[in-house]
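The values are calculated or read from the model by the stated rules, or taken from the named source; none is laboratory data. Worth saying up front: this structure is predicted, and the values here are computed from it rather than measured. Cβ atoms come from the backbone with ideal geometry, glycine included; neighbour counts cover every protein chain shown. Each accessible area value is taken on the protein alone, full model and side chains, heavy atoms only, with ligands, DNA and RNA left out. Shrake-Rupley method; radii C 1.70, N 1.55, O 1.52, S 1.80 Å.
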Amino acid sequence: MEMSRAFTGDVIAFDGHTTIVALWADRCARYGDRVCHREKLLGIWQAYSWRDYYDSAKRIGLALIALGVKRGEPVLILSEDRREWLYCDLAAAAIGAIPGGVYTTDSAAQLAYLANDSGARVLFVENDEQLDKWIAARGEMPGVEHVVVFDRDGLAEYSHPRVMFLDELMKIGAAAADPDRFEQALHEVQPEDPRMLIYTSGTTGPPKGAVLTHRNMIFQLTAGCEMLEFREDDNLLCFLPLCHVLERLVSVEAPLANGCIVNFAESPETVFDNLREVSPDSFAGVPRIWEKVYSRVMIMRSEAGPLGQRAFDWALRIGMARARADRPSAGLKIAHRIADLLVLGNLRRMLGFANARRVTSGAAPISPELIDWFDAIGVPLVEGFGMTETSGVATVNTVENNHVGTVGAPLPGVTLKLDEATGELLVGGPTVFAGYWNKPEKTAETITPDGWLRTGDIGRIGNDGHLTITGRMKDIIITAGGKNITPAEIESKLKFSPYISDAVVIGDRRKYLTCLIMIDQENVEQFAQNRAIPFSDFASLTRAAEVQALIGEVVAETNRHFANVEQIKDFRLIDILLTAEDEELTPTMKLKRNFVNQRHGALIDEMY
Amino acid sequence: MTVLSVRNLETFYGAIMALRGVSIDVDEGEIVTILGANGAGKTTLMKTIAGLMDPEKGAITYKGETIARLAPDRIVAKGISLVPEGREVFPYLTIEENLKLGAFTRHGGQAQDLELVYGYFPILKERRKQAAGFLSGGQQQMLAIGRGLMARPTLMMLDEPSLGLSPLLTQEIFAIIARLNAEQGVTMLLVEQNARIALDTAHTGYVLEMGRIVMSGPSERLKASDDIQEFYLGRTEATERGQKRWKRRKTWR
């Protein structure tokens, strides 16, 4: 594996620790019986301490050593977010192995690909459902020697020489002859050693495993703590997939730096309920989440009585004015106090943002209007930018200095520059990842010889150092007329409508632009129902003339904001309800351009 | 031709919304089935069409005429009869009296209709002087269907005709339903838990879940759908593990 040569010189330490695992061991010893994780058991929140964290991970780590897991060897974890995920993650990292996550929505074939690509010999799976994926495709992944299952439910009678349960694995660890081996191994881990393997969702070609080092992550912690405020008694909610670098950084690494409590959401479906229960102090989400919250509130507004609607509109107007005013007048301050007391405060409590000091959005572009809207209701939403290859965050806005529409200033220590020839954004600094697992040629394409990371994004850097991302290089549409168009801006404008959950602008080498739209099922159903528009299933909903007209209006409204060549001339609605298992969607429910173009080619051809 | 069209129907039990905007079409001469788990809203839909419950919102048109919120007897007189879930025969009346009650809303032609019913269900003729309470479950179901027929309906709604019947009797009842449809031209709206026999008998189908239609189409297409096969037809993929506790996520395609 090739390491990036630049920026590897100086030592980076957080609190005197140069590796994540050393920091982790120190924190577990320091906090002991303090609450570290909370998770629901049969519907009731249970607390687990830092001591549980360390002891469990130690047993798992010792058992992995006993199974012959070597330093630098990948270990895969296929599970929804839960504390065992973290135990296995830190256990593997502590003995110098490289933990990597697999999305629970991945198919058996995708799992086999990841197993073979990583060469993992140990695979952790959550339950019978995930185990079935290994059973289905185990012929294609002969390298997997041990499968460890977290949950026994439904597997009481199953046995296979390669399959064991987590409690059995922990017994092996507890019975280890030399328990100090764990601490020895932990101290042998070097800052340049891989901390984790993150498979990128791969919109082009098969997924690639990005190797992030301890140094990368320690840097993220030092830089993050300089820019963002964390407190020891903060509560966080962990709900995005831990296989993704953002959630891993926020829910695994950051709490090591600042000792906050991580609460695990029960399931992706219950996120909004869990959010209300936990009411986290800071929260990292993807644009889809924020769009969903916004449209939920707008639907609630439309269902409220006339008094409620007027109160909401008034409070939102005051909130908006207050958010915009640099020096609010005394009258506005008083009005805002009242609006906050009567409406906005309740709204935040209902949504679960009563305690939120800072909420962040990343992983995809978010529309500035949405940030302003959240600001108006008193939820400080800031946007950041980063990718797997920048170990999480590269730039971020702060609540105090929020430049809406930009993705903020680079973390201290991170340098940005634009490629003079192509305009591509290059990132330098200790945040640049080590390279792709077993893919030196891909690494060479991504990291320049002098250590800059090619992000594949095009952006602008303002005079104040704030970065604006305008789109992806490979998404640039060159119309038949020769105009260059970045579709991201148009798409994010479209997605601001509560009726559109995602959109893909099409027009490469075509005469004009068109668009494929995925409607938001819940909100469009509500719209149809309120107006007595008949529909039976999802497909008939997308075909309803009124729904077409509704989306047509949104498209027309969006067109008003763009120049002549950027007008969307026609659109089609995707008439199947896509789920995270579909290849067209990323695990964060975004449409993948390439797959959409392939799968819905017929719809696209209709428009030309 | 569409005889019955239901549009955006919403029906409540107090504060509970049982139907959340249901739209279906029933074409003349068709057997249409509605599948769904317990509590999906199937019976509520039937009762709302029959006028036993009033919808909060939405329209029901029968042969171009609005029938939502009409009294049940007016709806029967228009040609829609309901064979209720659990048969609901009058146990102390004789079979013949039960059948005659079915023709309560109209005058004349009863003798001829009785013969028609007896033609389809000879056992009822044999026992016509006995109290209906003495009939077996299957015979009571036949009686309930016969009673429905006595109203000379053009649309017959059958709410779970297989309830509590043996597999053999279920087949017999469904064979008669198919014959009535073919020979008498009675359009059928059929609610059924036994998805296999319902899809085998019906021409088109709807799947109702949580008060919403999630899938619709010709029975052949429904039968071929993975979701229907797994959740309604009880297909179990032969896994090596032999058992499968988890369910795939429904996509309704």
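Residues that are open to solvent by 70 Å² or more (accessible area, probe 1.4 Å), part of a helix (DSSP H, G or I) and at pLDDT 90 or above within segment A:549-569 comprise A:Glu553, A:Glu557, listed in sequence order.
Checking A:Leu246 against (1) open to solvent by 10 Å² or more (accessible area, probe 1.4 Å); (2) under 15 Å from the mean Cα position of the chain (by Cα); (3) more than 30 Å from A:Asn438 (Cα to Cα), which test does it fail? With (1) open to solvent by 10 Å² or more (accessible area, probe 1.4 Å); (2) under 15 Å from the mean Cα position of the chain (by Cα); (3) more than 30 Å from A:Asn438 (Cα to Cα) applied to A:Leu246, the lone miss is (3).
If you go through segment A:466-486 and keep only what is over 25 Å from the mean Cα position of the chain (by Cα) and open to solvent by 20 Å² or more (accessible area, probe 1.4 Å), you end up with A:Ile478, A:Ala480, A:Gly481, A:Gly482, A:Lys483, A:Asn484.
The residues on offer are A:Arg27, A:Arg82, A:Arg59, A:Arg71, and the sole one that is assigned by TED's automatic domain parsing to the domain that holds A:Asp234, open to solvent by less than 10 Å² (accessible area, probe 1.4 Å), more than 25 Å from A:Leu453 (Cβ to Cβ) and among the basic types (Lys, Arg) is A:Arg27. When the residues of segment A:31-46 are filtered to those that are without any contact (Cβ under 8 Å) to a residue 60 or more places away in the chain and open to solvent by 20 Å² or more (accessible area, probe 1.4 Å), the one that is farthest from the chain's Cα centre (by Cα) is A:Asp33. Every condition in (1) modelled with pLDDT under 90; (2) closer than 25 Å to B:Leu4 by Cα holds for B:Gln141 except the one numbered (1).
Does segment A:236-259 contain any residue that is more than 14 Å from every other protein chain (Cβ to nearest Cβ), among the aromatic types (Phe, Trp, Tyr) and part of a loop (DSSP other than H, G, I, E, B)? Yes, some residue in segment A:236-259 is more than 14 Å from every other protein chain (Cβ to nearest Cβ), among the aromatic types (Phe, Trp, Tyr) and part of a loop (DSSP other than H, G, I, E, B). Residues of segment A:575-586 that are in a loop (DSSP other than H, G, I, E, B) and within 14 Å of chain B (Cβ to nearest Cβ): A:Asp575, A:Ile576, A:Leu577, A:Leu578, A:Thr579, A:Ala580, A:Glu581, A:Asp582, A:Glu583, A:Glu584. The set of residues from segment A:48-74 being farther than 22 Å from A:Arg195 by Cα and either among the basic types (Lys, Arg) or without any contact (Cβ under 8 Å) to a residue 24 or more places away in the chain (or both) comprises just one member, A:Ser49. Output the residues belonging to segment A:147-167 that are of a type outside the set (D, E, K, R), away from every other protein chain (no Cβ under 11 Å) and open to solvent by 40 Å² or more (accessible area, probe 1.4 Å). Residue satisfying the conditions is A:Pro161 alone.
Of the residues A:Ala94, A:Ala109, the single one that is away from chain B (no Cβ under 14 Å) and surrounded by 24 or more Cβ atoms within 10 Å (Cβ to Cβ) is A:Ala94.
Filter segment B:83-103 for residues that are over 14 Å from B:Gly146 (Cβ atoms) and either surrounded by 22 or more Cβ atoms within 10 Å (Cβ to Cβ) or not hydroxyl-bearing (Ser, Thr, Tyr) (or both) and give the result. Once the filter is applied, which keeps residues that are over 14 Å from B:Gly146 (Cβ atoms) and either surrounded by 22 or more Cβ atoms within 10 Å (Cβ to Cβ) or not hydroxyl-bearing (Ser, Thr, Tyr) (or both), segment B:83-103 yields B:Glu85, B:Gly86, B:Pro91. A Cβ distance below 6 Å, combined with a sequence gap of six or more or placement on separate chains, defines the contacts here; from segment A:80-100, residues that are over 15 Å from A:Glu188 (Cβ atoms) reach residues that are open to solvent by 10 Å² or more (accessible area, probe 1.4 Å) and in a helix (DSSP H, G or I) in the pairs A:Tyr87/A:Ser56.
Flag not set for A:Asp132, criterion: modelled with pLDDT under 95, more than 26 Å from B:Arg249 (Cα to Cα) and either surrounded by fewer than 13 Cβ atoms within 10 Å (Cβ to Cβ) or within 13 Å of chain B (Cβ to nearest Cβ) (or both). Taken together, the residues in segment A:570-593 that are without any contact (Cβ under 8 Å) to a residue 40 or more places away in the chain and buried (at least 19 other Cβ atoms within 10 Å of the Cβ) amount to 2. Among the candidates A:Arg572, A:Arg509, single out the residue that is part of a loop (DSSP other than H, G, I, E, B) and of a type outside the set (A, V, I, L, M). Exactly one residue qualifies, and that residue is A:Arg509. Might you let me know whether segment A:170-177 holds any residue that is within 29 Å of A:Val245 (Cβ to Cβ), free of Cβ contacts under 8 Å to residues at least 60 places away in the same chain and surrounded by 20 or more Cβ atoms within 10 Å (Cβ to Cβ)? So far as segment A:170-177 goes, no, none of its residues is within 29 Å of A:Val245 (Cβ to Cβ), free of Cβ contacts under 8 Å to residues at least 60 places away in the same chain and surrounded by 20 or more Cβ atoms within 10 Å (Cβ to Cβ).
Specify the residue that is farthest from A:Pro412 (Cα to Cα); the eligible residues are those in segment A:253-285 that are touching a Leu at 6+ places or on another chain (Cβ under 6 Å) and of a type in the set (Val, Ile, Thr). Selected residue: A:Val278. Do we find a residue being open to solvent by 10 Å² or more (accessible area, probe 1.4 Å), assigned to a loop (DSSP other than H, G, I, E, B) and of a type outside the set (Gly, Ala, Ser) anywhere in segment B:140-153? Scanning segment B:140-153, I find at least one residue that is open to solvent by 10 Å² or more (accessible area, probe 1.4 Å), assigned to a loop (DSSP other than H, G, I, E, B) and of a type outside the set (Gly, Ala, Ser), so the answer is yes.
Scanning segment B:86-113 for residues that are part of a loop (DSSP other than H, G, I, E, B) and modelled with pLDDT under 90 gives B:Gly86, B:Arg87, B:Ala103, B:Phe104, B:Thr105, B:Arg106, B:His107, B:Gly108, B:Gly109.
Looking across segment A:295-310, the residues that are within 16 Å of A:Leu370 (Cβ to Cβ) and modelled with pLDDT under 90 come down to A:Ser295, A:Arg296, A:Met298, A:Ile299, A:Arg301.
Residues that are within 14 Å of another protein chain (Cβ to nearest Cβ) and either among the polar types (S, T, N, Q) or in a loop (DSSP other than H, G, I, E, B) (or both) do not occur anywhere in segment A:56-75. When segment B:1-42 is filtered for residues that are closer than 14 Å to B:Arg212 by Cβ, away from every other protein chain (no Cβ under 11 Å) and surrounded by fewer than 19 Cβ atoms within 10 Å (Cβ to Cβ), the ones remaining, listed by number, are B:Ala37, B:Gly39. Just one of (1) within 21 Å of the chain's Cα centre (by Cα); (2) without any contact (Cβ under 8 Å) to a residue 40 or more places away in the chain; (3) within 14 Å of chain B (Cβ to nearest Cβ) fails for A:Glu126. It is (2).
Scanning segment B:43-82 for residues that are open to solvent by 70 Å² or more (accessible area, probe 1.4 Å), within 14 Å of chain A (Cβ to nearest Cβ) and in a loop (DSSP other than H, G, I, E, B) yields one hit, B:Glu56.
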